[in-house]
């Protein structure tokens, strides 16, 4: 982004402006474009997720507003914006109002280092992975602030439960990331992508057994951090309230849900960067524009495939109990992640560039798992009833 800013200031439409002011204008422009992209992705994801749930659970889902209900997300957004913004009389009003914006800042800031293409990244810093882990911690502070400032015991319990969940699952997620860093020697998001290739056998997912395990550790931990089913425990069923967001309404309530749905794409983007080769595509053309568009499309499709998997999980698995949630983290994921990272360190010391035989074996193993998985899916689809039976409205 700095190179683009320098070019615009020297020869572009910002020519003649002071360099500091030019940087501010370029950063503001990028932030505006990124915010609109995130809001669009989060809105469409909310509609698509409801459609996917409906198909999985033999329902219809939103299908009235627009073709197949495709602009239902826009109608819901306008409805929430028009609702009254209520601040409880006993709440800490300044903190209550600021909490959703703080959570939004932590989520939005993470997109600064997401590499959508070879040159399409806001800030290619050399500690990109560490930056993502640090800036997303603001979401925890925002959720805790929302629960405490509401002056509601259920909201406070929900906020504490959510913070404990996020902080706990950050540990196995960080250990899974370090497993990849051991083989790349860099914390740069672009550096991790360039250490891979466009072909699946060059992805870290199939590089060796330890990165294969790290992928699933990170994905499960990220789902738990993102408050996704089966780990959406802050909104406990026994309480029939919305956790830390119980007292929120209108736009501020919408911002929390925007963070949740947008975070779903962020999870897919980080997994794509670390394990699925990122934007890597074969050099099939000399046109930089065409190649750049192919990179962006490749990155988006990989990330959104993982978003679809998360939707599939939410529509299929039941919610676990809070004790099961913490047991899974501290008794299973954390020890497995530690052992996996240590073994990966030995493997990286012995075979720093991997082994063709290990990669071939991992590819065959992964292909076998995929074939078995889709065979089971087709088996259940054949056994499913061809018609949708709906109960009459009484």
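Which entry in (i) 32.0, 98; (ii) 22.4, 71; (iii) 21.5, 76 is this structure's computed Rg and Dmax of the Cα atoms in Å?
For Rg and Dmax of the Cα atoms in Å, the calculated option is (ii).
How do 326, 104 line up, fewest other C-beta atoms within 10 Å first?
On the way: 326 17, 104 21.
By the 10 Å Cβ count, ascending: 326, 104.
In whole percent, what relative contact order does the chain give with Cα contacts below 8 Å and a gap of six or more residues? Let's see the in-between values first.
Numbers: 542 pairs, mean separation 80.5, N = 394.
Relative contact order of the chain: 20 percent.
In whole Å, how far is the Cα centre of region 125-162 from that of region 313-376?
27 Å
For the chain, modelled as a Gaussian network with Cα springs under 10 Å, which listed residue fluctuates most, 141, 364, 181?
In this elastic network of the chain, the residue with the biggest mean-square fluctuation among 141, 364, 181 is 364.
Enumerate the residues in region 104-131 having an amide nitrogen under 20 Å from the point lying 7 Å beyond the Cα of residue 287 toward its Cβ.
Answer for this model: 117-120.
For residue 371 and residue 55, what does the FRET efficiency come to when R0 = 22 Å and r is the distance between their Cβ atoms, rounded to the nearest 0.05? Walk me through the intermediate numbers first.
Values: r = 23 Å, r/R0 = 1.05.
Efficiency, rounded to the nearest 0.05: 0.45.
What FRET efficiency do you get for residue 33 and residue 383 if R0 is 35 Å and r is their Cβ-Cβ distance, rounded to the nearest 0.05?
On the way: r = 47 Å, r/R0 = 1.33.
In this case the efficiency is close to 0.15.
Given the rule -39500 (n - 2.57) for each run of at least 4 DSSP H residues, summed and divided by the residues of the chain, what is its mean residue ellipticity at 222 nm, to the nearest 500 deg cm²/dmol? Each step should come with its number before you reach the end.
Numbers: 14 runs with 257 residues, N = 394.
Computed ellipticity for the chain at 222 nm equals -22000 deg cm²/dmol.
Please arrange 118, 286 by counting, for each residue, the other beta carbons lying within 10 Å of its beta carbon, fewest first.
On the way: 118 18, 286 7.
Fewest to most other Cβ atoms nearby, the residues stand as 286, 118.
Over region 93-181, what relative contact order in percent results from Cα pairs under 8 Å that are six or more residues apart? Walk me through the numbers before you get to the answer.
Numbers: 86 pairs, mean separation 26.0, N = 89.
Relative contact order for region 93-181 comes out at 29 percent.
With a point put 7 Å past each Cα toward its Cβ, work out how far residue 78 is from residue 17 in nm, to one decimal.
Calculated label separation equals 3.3 nm.
Given a Förster radius of 30 Å and the C-beta distance between residue 68 and residue 25 as r, what FRET efficiency does 1/(1 + (r/R0)^6) yield to the nearest 0.05? The partial results should precede the final answer.
Values: r = 40 Å, r/R0 = 1.33.
Computed FRET efficiency for residue 68 and residue 25 comes out at 0.15.
Can you sort 274, 325, 21 so the residue with the fewest Cβ neighbours within 10 Å comes first?
Working: 274 27, 325 21, 21 11.
Placing the least packed residue first, the sequence is 21, 325, 274.
Every number here is computed from the coordinates shown, using simple stated rules; none is lab data. As the structure is a prediction and not an experimental result, all values here were calculated from the model. Cβ: placed from backbone, ideal geometry, glycine included. Neighbour counts: every protein chain shown.
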